Each structure stands twice: as C-alpha cells, then as structure tokens.
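Bear in mind that the values in this text are calculations on the coordinates, not laboratory data. Small disclaimer: the values here were computed from a predicted structure and weren't measured. Here the Cβ positions follow ideal geometry from the backbone for every residue, glycine too, while neighbour counts run over all protein chains shown.
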Amino acid sequence: MPSVDPVALRDAAGELALEAGALLRDGFGRNHAPERKSRIDLVTEYDRRSERMLVEGIARRFPTHAVLAEESGGHAPPAGGPALVRWLIDPLDGTTNFAHNYPFFGVSIAAEVAETVVAGAVYDPVREELFAAAHGQGSTLNGRPIRVSEIARLEDALLVTGFPYDVREHPERILPLFKAFLVRAQGVRRDGSAALNLCYLAMGRFDGFWEDDLAPWDVAAGSLIVREAGGSVTGYDGGAFRIDARQILASNGPLHGPMMAVIARSASGEE
C-alpha cells in the first residue's frame with residue numbers, strides 16, 4: 001500500500017462530516033419536496049448541498065485526491081494526474097428518514113488507498129455523535145474508544161438490517177432471511193441508515209448486521225469502524241468483504257458463525 005497517514009485522513013473526514021452535518025441539522029424538520037430517483041429512492045436538496053460541500057472541501061484540502069459521491073458520481077483530482085487516495089461520500093445516509101422528519105440519518109465519508117479503506121467518519125447530527133476510525137488505530141465515538149459487544153448467542157442478540165429499493169418488486173428475495181433472523185434473535189431492527197447501523201454495531205448497541213444491494217459509499221466508513229472496534233465484516237459466505245460487493249455481513253465476532261449458518265440455511269431453502 002502506498003504511504004499515507006490514516007490518522008490525518010480520519011481527522012479530515014471527521015471535520016468534513018461535522019461541517020456537512022451542521023447543514024443537515026439546520027435543514028432537519030423543514031418541509032421538503034424530495035425527488036424520486038426510483039419508486040422508493042428519494043433525494044432532497046440537502047443531499048445535493050451536503051455533497052457539494054464535501055466535494056469542495058476535499059478539493060481544497062486534497063487537490064490530488066479523487067472522489068466518488070452518491071449523487072454526482074466520480075470526480076477526478078483537481079490537480080490532475082493519478083489519485084493516490086479516493087474519497088467515498090454519502091452526503092445524507094437516510095434520506096427517506098430525513099424527508100419524513102424521522103431523526104435517524106447521517107453523513108458518511110471514507111478514504112480509500114489501493115482499494116483498501118484506511119480512514120472514515122460517520123456523523124449523526126441529531127445526536128451529535130461522531131464515529132471515526134483509522135487503519136490500525138481503533139474506533140472512537142466523539143474521541144473516546146469504542147468496542148463491539150460480547151454477545152455470543154443469537155437469542156440474546158439485537159440485530160439490524162435494511163431493505164433494498166426493489167423490495168416491493170422482489171419481496172421473496174429478502175423476506176425469508178429476515179424471518180429466519182427474526183425468529184432466532186432477541187430482536188431485529190430496521191431503521192434506514194446502513195452507515196449508522198454499522199456504527200451502532202461498532203459500539204455495542206447492535207450485535208449483528210446484514211444487508212443486500214448496498215453501494216460503496218453506504219458501507220466504506222462504517223465497515224472500517226466495525227473492524228477497528230474489534231468486529232467482523234465479510235460477505236454472506238464469510239469471504240473477504242469488498243465495498244463494491246453490494247452484500248455485507250457484520251457482527252461483533254462471536255455471532256459471525258451463527259449468522260452465516262442462518263444465511264446458508266435460508267439460501268438453501270431449509271427455512
């Protein structure tokens with residue numbers, strides 16, 4: 001991996017997330033007229049304003065870095081030439097919640113080097129909680145170290161998931177696995193922000209997380225934060241996780257095997 005300073009990138013990610021989060025906090029609770037990217041996928045003016053603030057902030061701080069953003073796509077380095085670092089940003093993770101004045105949304109920003117996420121931050125502007133991590137440096141909440149839970153049995157675990165945007169068209173692809181976990185876990189939540197779900201897992205509020213059809217910017221920061229907090233992040237089959245794989249299984253570690261077993265049984269039709 002080329003030489004970079006993950007701590008400096010983490011700190012920059014946190015600063016940028018705080019700035020964009022302040023914008024979202026100012027806009028929260030107002031009447032919004034969201035546009036529809038698809039039947040149930042919304043976008044608001046605050047998605048775009050937050051993204052523009054983040055892209056411009058990165059360009060000022062790091063003119064040799066590239067950006068991949070949810071709404072506007074890829075941005076080449078302003079200084080030209082090949083980029084050593086690529087930033088992945090979700091300017092408003094939980095847009096539907098934001099548009100409906102439901103207070104569970106955030107800003108997610110991560111830095112990737114040679115296809116490896118080395119730094120990231122997720123900010124919840126409603127609760128003023130900043131989650132951050134740098135490769136090899138652990139994870140923090142508002143600067144204090146956090147750690148995953150030690151729950152070892154599914155029947156004692158609080159799990160969380162999300163539904164893809166095509167769930168109405170293909171419920172048979174999603175609901176069997178949801179049911180399989182629902183009848184085994186102490187509880188299952190679904191609250192509309194993958195980035196915050198992963199951060200809640202990293203600090204022990206949740207014990208396990210699975211979801212399909214996610215984009216790189218949804219999981220880049222959160223997956224690093226889970227790992228650096230001592231958790232496990234893989235594909236459904238336990239294989240190496242890639243942020244572009246669109247499928248993620250994350251846990252506190254002890255629950256990873258049991259969760260993979262449930263997924264395998266559901267996929268084979270045994271449920």
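Descriptive notes on the structure:
- Centroid-to-centroid, using Cα positions, segment 230-271 and segment 82-136 are 22 Å apart.
- Among Asn97, Asn197, Asn252, residue whose mean-square fluctuation peaks in a GNM of the chain (springs only between Cα atoms under 10 Å): Asn97
- Charged-residue dipole, Cβ positions (Lys, Arg, Asp, Glu), the chain about Cα centre, Debye nearest 20: 220
- Highest mean packing comes first when the peptides 66-76, 10-20 are listed by Cβ atoms within 10 Å, giving 10-20, 66-76.
- The rule of thumb for compact globular proteins, 2.2 N^0.38 Å, goes into the C-alpha radius of gyration of segment 135-219 1.19 times.
- With a Förster radius of 45 Å applied to the beta-carbon distance between Val7 and Leu182, the computed FRET efficiency rounds to 0.65.
- Residue-span extension gain [Arg242 to Arg190] - 0.36 nm each, minus C-alpha spacing: 16.4 nm
- Quotient of Cα Rg and 2.2 N^0.38 Å for segment 192-271, N being how many residues it contains: 1.01
- Taking a ≥ b ≥ c as the square roots of the Cα gyration tensor eigenvalues, segment 33-170 comes out oblate, since a/c reaches at least 1.5 and a/b does not exceed b/c.
- Residue with peak Gaussian network fluctuation, the chain [Cα springs, cutoff 10 Å], from Gly222, Gly21, Gly29: Gly29
- Positive-end extreme of charge dipole, the chain - chosen from Ala261, Gly187, Ala220 (charges on Cβ): Gly187
- Whole-Å semi-axes of the chain's equivalent ellipsoid (Cα gyration tensor): 29, 22, 17
- Residues considered: Gly253, Gly162, Gly80. Largest GNM mean-square fluctuation over the chain, using C-alpha springs under 10 Å, is found at Gly80.
- Extending 7 Å from the Cα toward the beta-carbon at both Thr116 and Ala261 defines two label points whose distance is 3.3 nm.
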